[in-house]
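Participant: This is the structure I have questions about; it appears just below.
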Amino acid sequence: MPSERELARLRWQCRRGMLELDEILLTYLERHYATAAAAEQAAFRCLLGEEDPQLQRWLLLDERPADARLHALVERLRRLTPTD
């Protein structure tokens, strides 16, 4: 289980300045991150290190990451809705 400090840091990193990205990333963090496998949590932390334009292309457009673990996570994030 992630600590409150870790969650606060990740929550801050999820704020990207683009509402669509914020909603996708924060929805995952708040509803799925704590129960995700350690590998998926690591992939999410890695994903947050990417630049906003890259995240936009992966999450909102039709571009796919070359990294297989990021690809699987991006596919999951694309299917999320704010009510998930």
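The values are calculated or read from the model by the stated rules, or taken from the named source; none is laboratory data. If you're wondering where the values come from, they're calculated on a predicted model, not measured in any experiment. Please note: Cβ atoms are built from the backbone with ideal geometry, for glycine as well, and neighbour counts cover all protein chains shown.
Participant: Starting from region 52-75, keep only residues that are among the β-branched types (Val, Ile, Thr), then list their pairs with residues that are not in a helix (DSSP H, G or I) whose Cβ atoms are within a distance under 6 Å, requiring at least 6 positions of separation or different chains.
Facilitator: If the second residue must be not in a helix (DSSP H, G or I), the pairs left are VAL74/PRO65.
Participant: Suppose we filter region 28-71 for residues that are more than 11 Å from the chain's Cα centre (by Cα), of a type in the set (A, V, I, L, M) and more than 17 Å from TRP12 (Cα to Cα); how many remain?
Facilitator: Qualifying residue count for the region: 8.
Participant: Does TRP58 satisfy the condition of being buried (at least 17 other Cβ atoms within 10 Å of the Cβ) and either at pLDDT 95 or above or polar (S, T, N, Q) (or both)? Show your work before the answer.
Facilitator: Numbers: buried (at least 17 other Cβ atoms within 10 Å of the Cβ): yes; either at pLDDT 95 or above or polar (S, T, N, Q) (or both): yes.
Yes: the conditions hold for TRP58.
Participant: A further question on this structure: Just name the residue that is surrounded by the most Cβ atoms within 10 Å (Cβ to Cβ) out of those in region 15-43 that are among the acidic types (Asp, Glu) and closer than 17 Å to MET1 by Cα. Talk me through it step by step, then tell me what you get.
Facilitator: Applying the first criterion (among the acidic types (Asp, Glu)) to region 15-43 yields 20, 22-23, 30, 40.
Narrowing further to those that are closer than 17 Å to MET1 by Cα: 30, 40.
On the way: GLU30: 14, GLU40: 17.
Residue satisfying both the conditions and the ranking: GLU40.
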